């Protein structure tokens, strides 16, 4: 069985309006590039490789779930996630992830994960107990790609892929294993679990893992921020029931307002986290002491205005 190596890369974003915007991330395998909503130039100034992994027929699988704009079938930009989440979905095929582990690059990972989790999230309006975005993606998207590439099957997979497949390649004490378990296994056991709980739990797992803490210091504030995020998206009509049946084409001024509001929430989260854990611990989580805007306004304008 052939194995493919994937590399995740990060490039700085030149955005005059925003002083500190998160790095753009994308994935490369040989001559195949997954742009993750944007460019994929490994030779651009200050481009740096930030993660790597290999997996059986990974390129075959990832090519089957490229999705619109090389998004890995993430959904809608700035609603379901941004480039960091798309990169993680592609990297899942090689048992790798972009996570905050005391690294300077990519910049802004904590910022995007605070709003959208590691692998993306659903839009507002999903009922408690519904599958997490990642759990649904594993069955509907990755499971189909896996069957077609590993088993050479052209038929849809009717049942969920096994836990052995989902968790293969990850050690039980690894941060990736804990995140996947929170998104996939644990959600099935809790009928009252909500999308926001999944995101806050992901962040709690990450921060506790990195800082070796027993209790997350920022949970209540994070829930309040996610509630406000849902209010913002709802005000612009970006709720699950609406976006699942129609194309999104917002006015440019509305997109700018929405992105500014969402980025402000991410800054608020980073500021509050820094105040709770202290400067050095924040650096250990974030890679530096700066705050980052996770959403690229230029990409948002292109994707949400034209729905490309």
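The values are calculated or read from the model by the stated rules, or taken from the named source; none is laboratory data. Just so we're clear, the structure is a prediction, and the values are computed from it rather than from any experiment. Note that each Cβ is placed from the backbone with ideal geometry, even for glycine, and that neighbours are counted across all protein chains shown.
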Problem set entry | Selection within the stretch 273-289 - within 18 Å of residue 106 (Cα to Cα) and exposed (fewer than 14 other Cβ atoms within 10 Å of the Cβ) | 288, 289
Problem set entry | Residues being touching a helix residue (DSSP H, G or I) at 6+ places or on another chain (Cβ under 6 Å) and buried (at least 24 other Cβ atoms within 10 Å of the Cβ) - total across the stretch 123-140 | 2
Seminar exercise, completed: All-but-one check, residue 178 against (1) under 17 Å from the mean Cα position of the chain (by Cα); (2) under 21 Å from residue 75 (Cα atoms); (3) at pLDDT 90 or above, failing number (2)
For this session: Could you list, in sequence order, all residues of the stretch 76-98 that are outside any loop (DSSP other than H, G, I, E, B) and more than 30 Å from residue 242 (Cβ to Cβ)?
Result: 91, 93, 94
For this session: Would you mind finding the one in 40, 44 that is surrounded by 17 or more Cβ atoms within 10 Å (Cβ to Cβ), in contact with a strand residue (DSSP E or B) (Cβ under 7 Å, 6 or more places away or on another chain) and free of Cβ contacts under 8 Å to residues at least 40 places away in the same chain?
Result: 40
Problem set entry | Yes/no for residue 99 being at pLDDT 90 or above and closer than 30 Å to residue 42 by Cβ | no
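Take residue 293 and decide whether it is buried (at least 17 other Cβ atoms within 10 Å of the Cβ) and at pLDDT 95 or above. If you could, list the steps in order and put the result at the bottom.
Numbers: buried (at least 17 other Cβ atoms within 10 Å of the Cβ): yes; at pLDDT 95 or above: yes.
Yes, satisfied.
Kindly establish whether residue 101 is part of a loop (DSSP other than H, G, I, E, B), in contact (Cβ under 8 Å) with a residue 40 or more places away in the chain and surrounded by fewer than 21 Cβ atoms within 10 Å (Cβ to Cβ). Steps first, answer last, please.
Details: part of a loop (DSSP other than H, G, I, E, B): yes; in contact (Cβ under 8 Å) with a residue 40 or more places away in the chain: yes; surrounded by fewer than 21 Cβ atoms within 10 Å (Cβ to Cβ): yes.
Yes; evaluated as a whole, the condition is true for this residue.
Out of 55, 75, which single residue is within 19 Å of residue 146 (Cα to Cα), touching a strand residue (DSSP E or B) at 6+ places or on another chain (Cβ under 8 Å) and touching a residue at least 24 places away in the same chain (Cβ under 8 Å)?
Numbers: 75 fails: within 19 Å of residue 146 (Cα to Cα).
The unique qualifying residue is 55.
When the residues of the stretch 229-251 are narrowed to those that are closer than 21 Å to residue 21 by Cα and touching a helix residue (DSSP H, G or I) at 6+ places or on another chain (Cβ under 6 Å), which ends up surrounded by the fewest Cβ atoms within 10 Å (Cβ to Cβ)? Steps first, please.
Restricting attention to the stretch 229-251, the residues satisfying the condition of being closer than 21 Å to residue 21 by Cα are 229, 232-233.
Imposing the further condition that a residue be touching a helix residue (DSSP H, G or I) at 6+ places or on another chain (Cβ under 6 Å) reduces the set to 229, 232.
Working: 229: 23, 232: 18.
My answer is 232.
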Problem set entry | Test: residue 25 is within 29 Å of residue 250 (Cα to Cα) and not in a helix (DSSP H, G or I) | yes
Exercise. Any idea which residue in the stretch 262-293 is nearest to the chain's Cα centre (by Cα), counting only those that are assigned to a loop (DSSP other than H, G, I, E, B) and closer than 17 Å to residue 12 by Cβ?
Worked result: 292
